[in-house]
Amino acid sequence: MALPFKGDFQAADARPLPPLPFLPFQVPLTVPPVARPVRSRPDTDTYQITMRQADVEIIPGIRTRIWGYDGIFPGPTIKARAGKPVVVVQRNELDVDTSVHLHGGIQSPANDGHPTDVIKPRSSKRFYYPNAAPAAPLWYHDHAHGNEARSVYMGLAGLYLVSDELEDSLRLPSGDYDVPLVITDRLFAPNGSLIFINNDHGLGLRRTILVNGRPQPYFQVAARKYRFRLVNASNDRIYELRLSNGREMVQIASDSGLLPRPVAMSSFELSPAERVEVVIDFSAYRPGTRLILHNSAGEDPLTQTIMRFDVVRTAPDESHIPDTLRPLPPAEKPVTERDFIMGRNPRTHEFEINGKVFDPDRVDVRPRLGSTEIWRIHNATSDARHNFHTHLARFRVLDRDGNPPGPGESGFKDTVAVRPGETVRILPRFLEFTGRYVYHCHILAHAHHMMGTMEVVP
Ligand code: C2O
Ligand code: CU
């Protein structure tokens, strides 16, 4: 494949580049625009999105070529309602094959954005999303096999937020006080172009942190409660997020929606594709206070700084955090237990699952529709962190090395971090659709090989 533009080079050419010089907190946070349906009927909303290149200002005063849904990064936010289907017609005006996956959504194989189900340049595909599951912070991103890491890096990622009645009834902060924070890291060439290096070396070089596509922005807040929906849309980076003053945030949701009850957390880890929703109450602070969202996992001061909250005014606050959010249904009885060993091939040094690299023509596991299983995921690499994401099946986290998971993992999830040497057991449930779906490590530099196929059978 031809390189799409200058400044994009392969690992062989990689040399350390200093990050583009700019000071943090120079630009305000912006929020991705909400997509407008081209047609809205009582039973379906239809959207039209075009994947295309655009030159945008990310670093102040410099233009950067991106690939964006509708030419923006992050793409337009789709707001969906549980029980009301959405149709999205995706048009590919890029020069590469794309595939659009709704991450965390429960949709049929033909609408799931399988890695091999690509949209060719200058063509379109219609996706049907039933939205049968409860409220959850989902996101859509590229998944074209072998290209996904580059395409997501270039900007093909957007939010898809599902709401429902139960969530409405809780009176959580809403409207202007419900703010998505999509966190990514990038490496910019001096001319502003994005440099993509798809390996662990590349990760170390990507030291410019963006929130909603803005470099280390500031956000002017009122002294009241806010709901933040944090999405790690970075290719490979794992964050450990905390407030600079050490105060607690209240986690209310994870990947697949509301937790059974809110939990106060002073920090939480977010591996690629994971989501966490928190409520931060700024009413404890006087206008003039500044708080930094800090990344303790960052390797240097640049990557340790995510963004800043500036408390600038007071505001009334009718919102609250109830003691009960969404009660968990009783766990289903698992019918079988399976092992997934995430390792490295000693000969080829490729990452693999159960000794195999991804082959779209091979089916690895065949769970039954309607059943629940235990999946035991073991990270057998001593030097690499992985995570594990299942399409279709949402799961609970049963245990980590035999210990109960933290309270932040007490709800349903679709992506779970697995540290070196660790064994995480999850309880996926295979509902709604039969057919072939993938599961994989969501560290995108690994995903190309570290992926398998499950075929849900009747
Ligand atoms: Cu976020 Cu297989 O995807
Ligand atoms: Cu991995």
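With a cut-off of 8 Å between alpha carbons and a minimum separation of six or more residues, what is the relative contact order of the chain in percent?
So the answer I get is 14 percent.
Could you check how many percent of all C-alpha pairs in segment 134-229 are farther apart than 16 Å?
67 percent
Exposed loop trypsin sites (Lys or Arg not before Pro) only (DSSP loop, at most 12 other Cβ atoms within 10 Å): please give the longest stretch of the chain free of them, not including the sites.
172-346
How many nm is it between the label spots at V89 and A110, if each spot is 7 Å from the Cα in line with the beta carbon?
Between V89 and A110, the label points sit 1.7 nm apart.
DSSP loop (so not H, G, I, E, B), at most 16 other Cβ within 10 Å: list which GluC sites (Glu not before Pro) in segment 188-291 pass both filters.
Sites meeting the loop and neighbour criteria: E248.
Among the DSSP beta bridges whose two residues both lie in segment 320-458, what percent are antiparallel, rounded to the nearest 5?
80 percent
State the antiparallel share, in %, of DSSP beta bridges confined to the chain, rounding to the nearest 5.
Here the antiparallel bridges make up roughly 75 percent for the chain.
Starting from 0.36 nm per residue, how many nanometres of slack lie between R63 and D43 once their C-alpha separation is accounted for?
3.1 nm
For segment 24-94 and segment 100-150, what is the centre-to-centre distance using only Cα atoms, to the nearest Å?
Result: 15 Å between the Cα centres.
To the nearest 20 Debye, how big is the dipole of the chain about its Cα centre, given +1 on the beta carbon of each Lys and Arg and -1 on that of each Asp and Glu?
Dipole size: approximately 580 debye.
Under 22 Å between C-alpha atoms is the cut-off here; go through the chain and count lysine pairs that meet it, provided they're at least eight residues apart or on different chains.
6
Suppose R0 equals 41 Å; then what is the FRET efficiency for R362 and D168 from their Cβ-Cβ distance, rounded to the nearest 0.05?
0.40
Which value, in debye to the nearest 20, describes the size of the charge dipole of segment 337-456 about its Cα centre when Lys and Arg Cβ atoms bear +1, Asp and Glu Cβ atoms bear -1, and nothing else is charged?
120 debye
Using the Cα gyration tensor of segment 175-314, with a ≥ b ≥ c the square roots of its eigenvalues, what is the shape: rounded (a/c below 1.5), prolate (a/b larger than b/c) or oblate (neither)?
Prolate is the answer for segment 175-314, as a/c is 1.5 or above and a/b outweighs b/c.
Give or take rounding to whole Å, what are the principal axis extents of the alpha carbon atoms in segment 329-415, in descending order?
45, 30, 18
Set the Förster distance to 30 Å, then compute FRET efficiency between V457 and D399 from the Cβ-Cβ distance, nearest 0.05.
According to the calculation, E is roughly 0.60.
Which length gain, in nm to one decimal place, applies between R347 and F22 when the Cα-Cα distance is subtracted from 0.36 nm times their residue separation?
Difference between extended and current length: 112.7 nm.
Per the helix-only calculation at 222 nm, which mean residue ellipticity applies to the chain, given -39500 (n - 2.57) for every DSSP H run of n ≥ 4 and division by its residues, nearest 500 deg cm²/dmol?
Dividing the helical sum by the residues of the chain leaves -1000 deg cm²/dmol.
Between R81 and A189, with labels modelled 7 Å along Cα→Cβ, what's the label distance in nm to one decimal, could you check?
4.7 nm
Quick note: the coordinates plus some simple rules give every number you see, no bench work behind them. Since we're looking at a predicted model, the values are computed, not measured. Backbone-built Cβ (ideal geometry, glycine too); neighbour counts: all protein chains shown.
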